[in-house]
There are 2 protein chains.
Amino acid sequence: MFTKRLRNKLIQERLVTAQEAASWIQDGMTLGLSGFTQAGDAKAVPRALVERVKETGEKLKVNVYTGASLGSEVDGIMAEAGIINRRLPFQAEKRMRSKINNADITYVDQHLSHTAEMVRAGTIGAIDVAIVEAVAITEDGSIIPTTSVGNSSIFVEYAKEVIVELNMAQPLSLEGVHDVYDAGPQIERQPIPLTSVEQRIGTPAIQVPLEKIKGVVVTEEKDTSSSIVQPDEETAIMAGHLIEFLRGEVKAGRLPNTLAPLQSGIGSVANAVFHGFLASEFTDLEVYSEVLQDAVFDLLDAGKIRFASGCSIILSQEKGERVFSNFESYKDRLVLRPQEISNHPEIIRRLGLIAINTALEVDIYGNVNSTHVMGTHMMNGIGGSGDFARNARLGIFVTKSIAKNGNISSVVPFISHVDHTEHDVDVIVTEQGIADLRGLSPRERARAIIDNCAHPDYRPQLRAYFEEACTRGGQTPHVMEKAFSWHIRYQQEGTMLENIATEKKAAHV
Amino acid sequence: MFTKRLRNKLIQERLVTAQEAASWIQDGMTLGLSGFTQAGDAKAVPRALVERVKETGEKLKVNVYTGASLGSEVDGIMAEAGIINRRLPFQAEKRMRSKINNADITYVDQHLSHTAEMVRAGTIGAIDVAIVEAVAITEDGSIIPTTSVGNSSIFVEYAKEVIVELNMAQPLSLEGVHDVYDAGPQIERQPIPLTSVEQRIGTPAIQVPLEKIKGVVVTEEKDTSSSIVQPDEETAIMAGHLIEFLRGEVKAGRLPNTLAPLQSGIGSVANAVFHGFLASEFTDLEVYSEVLQDAVFDLLDAGKIRFASGCSIILSQEKGERVFSNFESYKDRLVLRPQEISNHPEIIRRLGLIAINTALEVDIYGNVNSTHVMGTHMMNGIGGSGDFARNARLGIFVTKSIAKNGNISSVVPFISHVDHTEHDVDVIVTEQGIADLRGLSPRERARAIIDNCAHPDYRPQLRAYFEEACTRGGQTPHVMEKAFSWHIRYQQEGTMLENIATEKKAAHV
């Protein structure tokens, strides 16, 4: 029954149940799990481990290293069961977020291209067991990943033992879409030969010594679908601003008609902005990104994108059914790479990417917070945004200008947590407009951001802050006593708006 | 007389005085000047321009783009004369700093590897005139730089006209030390073939069409010597901590005996820490840095460094006299590259550098401020520290734990300006000790930094802040109302120390 997918005779004898595989995992171990943005995550063995712990009541804690976020029913239930000690480099799950912010889980938020280097260098400990999802195991025992490559190849290389989840629900037509390349140790490393988005530089499967595969668990379970929110009026306007800007770059001779390889962060806003290319005049577009969401496939369907390179595919349920039932038709226009390569500074700089990522908040000088709500509480993590923004040709950040019914301004005097500094932020887009910050000094940036990106309700406040700050002088003027006053006001009064807060106070008195 | 240095017959006829060359410069122009950390800067023509403006009283403003900082008698007098409109990507001069902080000069503080890309992409305007210092012009009209390469090759390539300052005081023995490589436009760019610090991938001179060289000015003036402060007891202790840490990395098998190529930022502290290798057991060291300061040559003299790659050489007067009078003996162990290559993320990541840079202040979570005093006033600029820290194998930051007689703590609850985020800061070193932050969560980082790096006088205050912050929860706990209270206290009371400030207040009342 499984010979079509499990082609190595020796390994055919290592079929085990998820429960048996989970029984190999011991307290204190470090697990390297496949999975990137819910795609291609190890599912059955982590779940069996949670069940085991629930049944036995044993005290078990493991470190969980992954590509990026796992599906809710993996990250969520592990968090809930309290079995995670250290988690890296990214997550995006409600229950896990809560545990992280309560310091019940030690969370290390990393640039997604950095984890592989740390595994190689041994600075985050050894990987005891790699658990990776596969569509097939080849004749020579190599592992063909499913909908993501993530950190699977580096985990398999450095783990002491490997467990494979052979997922029958993942289409076998995924075979051939992967390009597994190992940059190798930094001493005597060679240039990564990739010079175009479609180039293949590695192998279609993860090579592994036969003896390292301890067991194979057969599963049949689809990835968690993305719960992406469809484009709305505001994100459509944002896409319009961005496309108008890119049109201007082409007109000025700074970009060719086909632009440059595009990267887009995870999430609804970035997806919606990408979606905006559908109605644009641009064709023959290239994508060099980490995650390929619905919009990429819509653009492939429309013939707008020529080729897309990514690290994972995560789709809404409807789009996923259509894409995976007909995956052969996409395969010559797609490649999935390890996240070390999809997010590698060498390639990002060489190809000159246009990087589009989502900001949680920006400040008047163009610093960006991607991770922390009100400066303290983790939302998801920095993900690949830092890999891309620092090294891209254009580091673009998108955000709606206000949140929480207008009580939060996404443009603030001083962001409460800095993930991207002014040096890495070229362009900011909100539904209000676009601020092109390239070559501008901080004071020039402030005027551009306030005038073009801030919500009109907040512009007077922002101008007042900036003007007061300027009276104190400096390259980056601030009134340090008031720098976080907006966040404090929101926490105390429920709004960043000055007048409303004052009125509320007055009413209260 | 000049034929030994001015070898092209056609160009021999273009000798002009500095005054004549300066007369070509018009209001509104953008100048691309050679010079990196005071080394190899254009000297005579900028000075003649200042004199012209002083004499005529004309209103002239130019944009000044450079490699990095120029000598004081270039950057300083241009600032004083008020002829600079926009200045990028780095400066380190007192008078210029003052004008920048008064917003009289528009200063754009950039990653040093980024400027060349922006010139190529046309996002910071066109270069009207490149003015570059040379030790010689070859038979085919190519320009051999002096003590720095900086951005000279990209300025020469993109400028409409080129003026060469042929500096007879710079030793002709510099010829052959340079390796000029052009990464080329990002579309269809090839991998940069550099795989070892000593490898030469370019040409020994800057190639330029003959007709582009408008004039040659003969000068005879040494670079401004560095005013580097010699190692003191505290920097020696810091060097000791760092070397002990590296020893541990070797012992743990994470680094070979010869370590990995070293980078060190500009300045006395970084130089002193580098100096610490002299007394260490390490040999066959390699340097892949931007600026080569005294310590590098001391280590070359002692046979500790096998090969050093840089972008500029800046020495104290004494060391400079000894090195340049005997430069031939260093030449097979040195190479100078364009700053785009010395600071290139592709190479930094490939070679796996150990990057050592100076922090102005760090916060308890390991974010680093390299540029802004009290959050607002520019000191110098980020320089190459961001290029290196983000992509290095080890991003190390060094700072003394206190400043201003102990009234400033270099470790604060929340830094007043963020140049390097927690994601890029692996290790912090002060004279108190070392904090190895790799793989740690923010709360773990806070404990490591407070316990190991903060000055004992400030540890109780830092612990009190952190403990109060933890009661509020979050991945990165903060008390936003108090986040900048230390800076505000210093500004109001002259000290960050709580008790002293309280006592002062009490005495005042």
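A single entry from B:LEU351, B:LEU336 fulfils the requirement of being buried (at least 24 other Cβ atoms within 10 Å of the Cβ), in contact with a Lys or Arg (Cβ under 8 Å, 6 or more places away or on another chain) and more than 23 Å from A:SER385 (Cβ to Cβ): B:LEU351.
Criterion first (over 29 Å from A:GLY125 (Cα atoms), free of Cβ contacts under 8 Å to residues at least 12 places away in the same chain, away from chain A (no Cβ under 14 Å) and surrounded by fewer than 17 Cβ atoms within 10 Å (Cβ to Cβ)) does B:GLU211 satisfy it? Quick ask: steps written out before the conclusion?
Working: over 29 Å from A:GLY125 (Cα atoms): yes; free of Cβ contacts under 8 Å to residues at least 12 places away in the same chain: yes; away from chain A (no Cβ under 14 Å): yes; surrounded by fewer than 17 Cβ atoms within 10 Å (Cβ to Cβ): yes.
Judged against the criteria, B:GLU211 is a match.
Would you say A:GLY267 is modelled with pLDDT under 95, closer than 30 Å to A:VAL45 by Cβ, within 23 Å of the chain's Cα centre (by Cα) and assigned by the TED database to the domain that holds A:PHE388? Considered against the rule, which asks whether it is modelled with pLDDT under 95, closer than 30 Å to A:VAL45 by Cβ, within 23 Å of the chain's Cα centre (by Cα) and assigned by the TED database to the domain that holds A:PHE388, A:GLY267 comes out as yes. Just to be sure before I move on: is B:ILE187 of a type in the set (A, V, I, L, M), in the same structural domain as B:LEU174 (by the TED database) and at pLDDT below 95 in the structure I sent? So B:ILE187 fits the description; yes. The residue that is surrounded by the most Cβ atoms within 10 Å (Cβ to Cβ), counting only those in the range B:444-460 that are away from chain A (no Cβ under 14 Å) and part of a helix (DSSP H, G or I), is B:ILE449. Consider the range B:93-103 and keep the residues that are in contact with a helix residue (DSSP H, G or I) (Cβ under 8 Å, 6 or more places away or on another chain) and in a loop (DSSP other than H, G, I, E, B). The one that is nearest to the other protein chains (Cβ to nearest Cβ) is B:ALA103. Of the residues making up the range B:360-396, those that are more than 11 Å from chain A (Cβ to nearest Cβ), hydrophobic (A, V, I, L, M, F, W, C) and more than 25 Å from A:ALA121 (Cα to Cα) are B:LEU360, B:VAL362, B:ILE364.
If you check B:LEU166, B:LEU194 for being in contact (Cβ under 8 Å) with a residue 60 or more places away in the chain, of a type in the set (A, V, I, L, M, F, W, C) and assigned to a strand (DSSP E or B), only one passes: B:LEU166. For the range B:413-443, the set of residues classified as assigned to a helix (DSSP H, G or I) and more than 7 Å from chain A (Cβ to nearest Cβ) consists of B:GLU422, B:ASP424, B:PRO442, listed by residue number.
With respect to the conditions (1) touching a helix residue (DSSP H, G or I) at 6+ places or on another chain (Cβ under 9 Å); (2) crowded, with 23+ Cβ neighbours inside 10 Å, B:ASP436 falls short on a single one, namely (2).
Of all residues in the range A:64-92, those satisfying the criterion of being within 18 Å of the chain's Cα centre (by Cα) and in a helix (DSSP H, G or I) are A:SER72, A:VAL74, A:ASP75, A:GLY76. If you go through the range A:466-486 and keep only what is facing chain B (nearest Cβ under 7 Å) and among the small types (Gly, Ala, Ser), you end up with A:GLY473, A:GLY474, A:ALA483. Taking residues in the range B:331-356 that are more than 14 Å from chain A (Cβ to nearest Cβ), and partners anywhere that are of a type in the set (Gly, Ala, Ser), the pairs with Cβ atoms closer than 6 Å and at least 6 places apart or on different chains are B:LEU334/B:ALA308; B:VAL335/B:SER309; B:LEU336/B:GLY310; B:PRO338/B:SER153; B:GLN339/B:GLY67; B:GLN339/B:GLY150; B:ILE356/B:SER264; B:ILE356/B:ALA270. Kindly indicate whether any position in the range B:15-38 is under 23 Å from B:LYS212 (Cβ atoms) and among the charged types (D, E, K, R). The answer is yes, given that some residue of the range B:15-38 is under 23 Å from B:LYS212 (Cβ atoms) and among the charged types (D, E, K, R). Considering the range B:380-433, and only residues there that are polar (S, T, N, Q) and closer than 23 Å to A:GLU117 by Cα, the residue that is surrounded by the most Cβ atoms within 10 Å (Cβ to Cβ) turns out to be B:ASN391.
The sole residue among B:ARG489, B:ARG463 that is assigned to a helix (DSSP H, G or I) and either within 32 Å of the chain's Cα centre (by Cα) or facing another protein chain (nearest Cβ under 8 Å) (or both) is B:ARG489. Within the range A:111-156, the set of residues being among the β-branched types (Val, Ile, Thr) and closer than 22 Å to B:GLY253 by Cβ comprises A:THR115, A:VAL119, A:THR123, A:ILE124, A:ILE127, A:VAL129, A:ILE154, A:VAL156.
Can you confirm whether A:PHE277 is assigned to a helix (DSSP H, G or I), in contact (Cβ under 8 Å) with a residue 12 or more places away in the chain and in contact with a Lys or Arg (Cβ under 7 Å, 6 or more places away or on another chain)? So A:PHE277 passes the test. Of all residues in the range A:371-424, those being of a type in the set (S, T, N, Q), more than 21 Å from the chain's Cα centre (by Cα) and within 25 Å of A:ILE354 (Cα to Cα) number 1. The set of residues in the range B:181-208 that are farther than 26 Å from A:ALA260 by Cβ and either under 25 Å from the mean Cα position of the chain (by Cα) or facing chain A (nearest Cβ under 10 Å) (or both) comprises B:THR195, B:SER196, B:VAL197, B:GLU198, B:GLN199, B:ARG200, B:THR203, B:PRO204, B:ALA205, B:ILE206. Scanning the range A:214-243 for residues that are under 25 Å from A:VAL45 (Cβ atoms) and surrounded by 15 or more Cβ atoms within 10 Å (Cβ to Cβ) returns A:LYS214, A:GLY215, A:VAL216, A:VAL217, A:VAL218, A:THR219, A:GLU221, A:LYS222, A:ASP223, A:THR224, A:SER225, A:SER226.
Among the conditions (1) without any contact (Cβ under 8 Å) to a residue 12 or more places away in the chain; (2) assigned by the TED database to the domain that holds A:VAL180, the only one that A:GLY248 does not satisfy is (2). For the range A:200-244, residues that are within 27 Å of A:GLU93 (Cα to Cα) and in a loop (DSSP other than H, G, I, E, B) total 13. Comparison of A:MET118, A:MET78 shows that the only residue that is at the interface with chain B (Cβ under 10 Å from one of its Cβ atoms) and of a type in the set (A, V, I, L, M) is A:MET118.
Of the residues making up the range B:104-123, those that are in a loop (DSSP other than H, G, I, E, B) and β-branched (Val, Ile, Thr) number 3.
The values are calculated or read from the model by the stated rules, or taken from the named source; none is laboratory data. All figures in this text were calculated on a predicted structure; none of them were measured in a lab. Every residue, glycine as well, gets a Cβ built from its backbone with ideal geometry; the counts of neighbours run over all protein chains shown.
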